[in-house]
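Asker: Dropping a structure here in structure tokens format, bear with me for questions.
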Amino acid sequence: MKTPSKVAVIDIGKTNAKVVVLDVEKGVEVARSQVSNLVLKTAPYPHYDTDMLWSFFVHSLKSFARDPGYEAISITAHGASAALLDERGNLALPVLDYEFEFPRGLVEAYTAIRPPFFETLSPLLPAGLNLGAQIHFQKSTLPREFARVRTILMYPQYWAFRLSGVLASEVTSLGCHTDLWLPEKKSYSKLVDRLGIRSLMAPIFSAFDELGPLKKSIAENLGLTRSIPVFCGIHDSNASLLPHLMSMAPPFTVVSSGTWTVNFAIGGDVQHLDPRRDSLANVDAYGNAVASSRFMGGREFQHLEKELGQFDQAAAFETLPNVIKKQVMLLPSVIAGCGPFPEKVGRWLNSDPSRKPERWCAACLYLALMTESCLDLIGAKGQILVEGPFASNWIYLTALASFTGREVASLADASTGTSFGAALLANAQPAIADRTIFRPGEIEGLQPYRTAWKHAAE
């Protein structure tokens, strides 16, 4: 197909959902609308407000149809979510919130049937972060409702189905710590048959596939007179990775920051991953296993800023020598149960609660040290590309370069991220990204600080 000049992207993060229109030729965003991604705390379990999201998507697509306009629609969404459809294509059960904690008995029963890590490269994670655990919970506790399920869709493809009417699965979401996929063999795991859902899984398409045109009824409602192709869609962190896969040679590292800080080591080590420390294999848009690690960095920093407030970075940077000298430290983990130190409970060392700028500065160093720990787990090499909110944090970027001894490229002002990566599915090429480079430099006392932090963290 002809490359569209503008692509509308439905981009669903855990915290917010948005519709973005991107000019793919110039590599710039030309329109955006955003809404909070609410979780409804009603029966039968906490779930996403898909009705609200659909109304928001339709309203946004309609408002952008004329100005700035778009010629294609793509979708990206967070992982660990699936839509269970009945024979009419409606939800047989609500889309479960992956932060919901299952009863202990069900956790033990699921643990007994899930495949070993060396097959799936998917670690056992808390709550519903393993999608297989969600399906096991739904099937075990709501058998009557589950009996109505005829199709299981990954979350990006659920929205693609609502737009196009085409049922599809896709490997970046199937391979995102679901326990359902074998990244190296590129096939379903034994769990699919143990859960009895093989016949329910939608056909597998490439993320780059055009599923079909926008449904006629929807197009008319949006005021569109031309045919608009809908693309299959992609897992959000893999959307962030895609522009770099298309434009760089390995080895290199991508740090994609958001609610989760997800790290990809292109050319990294998938053979020696540690499932106890949230390292795993993701599957990229081309179907290949990628050594990955993560921690809930954005959520952690959000919690810290609620406590500490926000500070001018230049002013906070002036406190860095005092923070290093006094070894004011935040130890892992602010949010326990995930990341490289899942069993640890966060605490402050050598810290005066009244000195909030120092604590804020130490929190930035904490994020850099957590990232470095994650990169060590996956054998990351080469230049480190940082995108998302952390790409604007000077202290984080400066410290990460010093801690790792590697060049760090900030993509804060570049055409990267989940929305842009999803837009590339529509036969587009990545624009050359603007980068601000942070090189390793000896900040006095920073290496002893790192050594002390690692000793205390371990």
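Quick note: the coordinates plus some simple rules give every number you see, no bench work behind them. What you see is a predicted model, and the numbers here were worked out from it, not measured in a lab. Every residue, glycine among them, receives a Cβ derived from its backbone with ideal geometry; neighbour counts consider all protein chains shown.
Asker: Consider N282 carefully, then state whether it is assigned to a strand (DSSP E or B), in contact with a strand residue (DSSP E or B) (Cβ under 6 Å, 6 or more places away or on another chain) and farther than 20 Å from E119 by Cα. Even if it seems obvious, please write down each step before you answer.
Answerer: Values: assigned to a strand (DSSP E or B): yes; in contact with a strand residue (DSSP E or B) (Cβ under 6 Å, 6 or more places away or on another chain): yes; farther than 20 Å from E119 by Cα: no.
For N282, the condition - assigned to a strand (DSSP E or B), in contact with a strand residue (DSSP E or B) (Cβ under 6 Å, 6 or more places away or on another chain) and farther than 20 Å from E119 by Cα - is not met.
Asker: For segment 134-234, list the helices (runs of 4 or more DSSP H) that sit wholly inside it and hold at least 2 residues that are among the charged types (D, E, K, R) and closer than 21 Å to L96 by Cα; which are they?
Answerer: Numbers: elements: 143-146, 155-164, 171-174, 190-194, 216-222.
Ranges flagged: 143-146.
Asker: Run down K2, K6 and say which single residue is more than 26 Å from R299 (Cα to Cα), in contact (Cβ under 8 Å) with a residue 40 or more places away in the chain and surrounded by fewer than 19 Cβ atoms within 10 Å (Cβ to Cβ). Quick ask: steps written out before the conclusion?
Answerer: Numbers: K6 fails: surrounded by fewer than 19 Cβ atoms within 10 Å (Cβ to Cβ).
None of the other options fit; the residue is K2.
Asker: Filter segment 190-248 down to the residues that are in contact with a strand residue (DSSP E or B) (Cβ under 7 Å, 6 or more places away or on another chain) and small (G, A, S), then identify the one that is farthest from T261 (Cα to Cα).
Answerer: Per the stated criteria, the residue is S227.
Asker: Moving on to the next point. Counting only residues that are touching a Leu at 6+ places or on another chain (Cβ under 9 Å) and more than 29 Å from E387 (Cα to Cα), which one in segment 222-243 is surrounded by the fewest Cβ atoms within 10 Å (Cβ to Cβ)?
Answerer: Only one residue tops the list, namely S227.
Asker: Enumerate the strands (runs of 3 or more DSSP E) found wholly within segment 377-458, keeping only those where 2 or more residues are crowded, with 18+ Cβ neighbours inside 10 Å and of a type in the set (G, A, S).
Answerer: Numbers: elements: 384-387, 408-410, 436-438.
Qualifying strands (runs of 3 or more DSSP E): 408-410.
Asker: Among (1) in a helix (DSSP H, G or I); (2) under 14 Å from C374 (Cβ atoms); (3) not aliphatic (A, V, I, L, M), where does D269 come up short?
Answerer: (1)
Asker: Would you say G309 is surrounded by fewer than 23 Cβ atoms within 10 Å (Cβ to Cβ), touching a residue at least 60 places away in the same chain (Cβ under 8 Å), under 29 Å from the mean Cα position of the chain (by Cα) and at positive phi?
Answerer: On the way: surrounded by fewer than 23 Cβ atoms within 10 Å (Cβ to Cβ): yes; touching a residue at least 60 places away in the same chain (Cβ under 8 Å): no; under 29 Å from the mean Cα position of the chain (by Cα): yes; at positive phi: yes.
Criteria not met by G309.
Asker: Only one residue in L142, L163 is buried (at least 24 other Cβ atoms within 10 Å of the Cβ), more than 18 Å from the chain's Cα centre (by Cα), in contact (Cβ under 8 Å) with a residue 60 or more places away in the chain and within 18 Å of T50 (Cβ to Cβ). Which one? It would help to see each step written out before you state the result.
Answerer: Numbers: L142 fails: buried (at least 24 other Cβ atoms within 10 Å of the Cβ).
Of the residues listed, the single one that is buried (at least 24 other Cβ atoms within 10 Å of the Cβ), more than 18 Å from the chain's Cα centre (by Cα), in contact (Cβ under 8 Å) with a residue 60 or more places away in the chain and within 18 Å of T50 (Cβ to Cβ) is L163.
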